[in-house]
Amino acid sequence: NAGVTQTPKFRILKIGQSMTLQCTQDMNHNYMYWYRQDPGMGLKLIYYSVGAGITDKGEVPNGYNVSRSTTEDFPLRLELAAPSQTSVYFCASTNNRAGTEAFFGQGTRLTVV
Amino acid sequence: GESVGLHLPTLSVQEGDNSIINCAYSNSASDYFIWYKQESGKGPQFIIDIRSNMDKRQGQRVTVLLNKTVKHLSLQIAATQPGDSAVYFCAETGGGADGLTFGKGTHLIIQP
């Protein structure tokens with residue numbers, strides 16, 4: 001099993017550009033999450049999904065959008081990139097409603113200049 | 001707002017010694033507490049969790065202790081090895097599907 005796969009691993013964006021961070025999991029997990037991690041900090045929840053067709057906002061959703069058309073994929077969209085969105089982004093999934101034993105991807109390091 | 005935090009940002013221990021990483025939480029409604037390990041350049045990796053109705057849980061070389069009276073959580077790693085060097089995060093959840101709240105992390109450094 002590949003687990004949770006994120007692409008790209010690194011990206012530099014100019015202010016105002018848009019991009020989609022891809023996340024796919026092959027474990028048939030219902031619950032998926034996007035977090036961001038700023039330097040020296042813990043992870044903050046951006047969006048989450050409890051199943052295909054269902055998404056909801058987390059703690060820091062502004063400037064982001066998500067979709068969940070399939071169980072496997074949970075892409076994160078940045079429409080107008082801003083320097084404040086410079087961060088490392090992690091996608092995670094679990095089959096546990098409480099979300100305790102989540103599997104994380106390797107992360108996408110995004111820099112907005 | 002309520003949050004999960006850690007007492008120390010860095011912990012240095014001798015190889016072979018036991019490590020104890022501490023975490024304070026303030027949300028008394030949390031139902032699960034979880035420890036994650038994050039190695040440099042990688043995503044967090046689940047270590048162990050404990051439900052709020054328990055005070056101790058053991059895994060392989062790790063023990064998590066929960067003291068609800070003082071809202072304190074700790075992770076004990078027995079016989080610390082070089083591969084244990086990482087940042088350790090505590091996290092909490094109310095048990096719903098709305099994700100985890102993470103603390104800032106403790107960097108565990110293993111001295112040879």
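One quarter of the convex hull surface, Cα atoms only: what value does that give for chain B in nm²?
In nm², the orientation-averaged hull projection of chain B is 6.9.
For chain B, what is the charge dipole size about the Cα centre, in debye to the nearest 20, if Lys and Arg each add +1 at the Cβ and Asp and Glu each add -1 at the Cβ? Mind showing how you got there, number by number?
Numbers: 9 positive and 10 negative charges, 23 e Å.
I would put it at about 120 debye.
What's the local net charge at A:Gly58, with K and R +1, D and E -1, over the other residues with C-beta under 11 Å away?
Around A:Gly58, the charge tally is 0.
Between B:Asn67 and A:Met27, what FRET efficiency follows from the Cβ-Cβ distance if R0 is 25 Å, with the result rounded to 0.05?
Efficiency for this residue pair is about 0.15.
B:Met54 to A:Arg77: FRET efficiency via 1/(1 + (r/R0)^6), r the Cβ-Cβ distance, R0 35 Å, to the nearest 0.05?
Computed FRET efficiency for B:Met54 and A:Arg77: 0.30.
Using DSSP to define loop residues, name the trypsin sites (Lys or Arg not before Pro) in region A:1-38 whose beta-carbon has at most 10 other beta-carbon atoms within 10 Å.
Passing both the DSSP loop test and the Cβ count: A:Lys14.
How about the protein assembly as shown: what cysteines have no other cysteine beta carbon under 4.7 Å from their own?
For the protein assembly as shown, the answer is none, because every cysteine Cβ has another cysteine Cβ under 4.7 Å.
Rounded to the nearest 0.05, what FRET efficiency is calculated for B:Asp31 and A:Ile54 with R0 set to 22 Å and r the Cβ-Cβ distance? Walk me through the numbers before you get to the answer.
Values: r = 22 Å, r/R0 = 0.98.
That gives a FRET efficiency of 0.55.
Which cross-chain or sequence-distant (5 or more) residues have an amide H under 5 Å from the amide H of B:Asp31, H modelled 1.01 Å from N in plane?
So B:Asp31 has HN proximity to B:Thr93, B:Gly94, B:Gly95.
I need the GluC sites (Glu not before Pro) found in region B:13-105, filtered to DSSP loop residues with at most 14 other beta carbons within 10 Å of theirs. Could you put the intermediate results ahead of the total?
Details: sites: B:Glu15, B:Glu39, B:Glu92; in loops: B:Glu15, B:Glu39.
Passing sites in region B:13-105 are B:Glu15, B:Glu39.
Each reported figure results from applying straightforward, stated rules to the coordinates on display, with no laboratory input. These numbers come from a predicted model, not from an experiment. Don't worry about glycine lacking a Cβ; one is built from the backbone with ideal geometry, like all the others, and counts go over all protein chains shown.
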